[in-house]
Amino acid sequence: MLSSFFGWCSVINIGFLVFATLLLTLAGQFSLGLHKRLFDLDEKFLKESYFRFLARYKMLTLIFSIVPYFALQLIINNPSVY
């Protein structure tokens, strides 16, 4: 059950990451304009913030979803490990 949890958690997080990346890639100018007007921020700062957001989300997904899933799969499929 725990393995299924981490598996689905990984799928959902990767899906959100792909969605956010596509959204920022395809509708980046819209996002930049919107956030620029709403918060009066510099375009260069916004682009760096978007990049940092995607990089951090990717690392958190890897550390807290994908790695535990593969570790559990290793234990389940190779009982001699433990």
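The values are calculated or read from the model by the stated rules, or taken from the named source; none is laboratory data. The structure presented is a predicted model; accordingly, all values stated were derived computationally and were not measured. Every residue, glycine as well, gets a Cβ built from its backbone with ideal geometry; the counts of neighbours run over all protein chains shown. Heads up: the accessible areas ignore ligands, DNA and RNA and are worked out on the full protein's heavy atoms, side chains in. Shrake-Rupley method; radii C 1.70, N 1.55, O 1.52, S 1.80 Å.
Helix 67-77 versus the longest principal axis of the chain: what angle, 0 to 90°, nearest 10, using Cα atoms?
It is inclined by approximately 20 degrees.
Roll a 1.4 Å probe over the protein heavy atoms and report the accessible area of Leu41 in Å², nearest 10.
Rounded to the nearest 10, the figure is 60 Å².
Could you give the distance between the Cα centres of the range 35-82 and the range 2-24, to the whole Å?
9
With charges only on Cβ, +1 for K and R and -1 for D and E, what is the dipole size of the chain about its Cα centre, in debye, rounded to 20?
60
Only one of the values (1) 19, 57, 21, 2; (2) 15, 28, 15, 13, 11, 9, 6, 3, 0; (3) 17, 35, 23, 15, 8, 2 was calculated from this structure for P(r) over Cα pairs in 10 Å bins from 0, in percent; name its label.
The value matching this structure is (3).
Restricting things to alpha carbons, find the Rg to Rh ratio for the range 11-52 using the Kirkwood radius for Rh.
Checking Rg against Rh, the ratio lands at 1.04.
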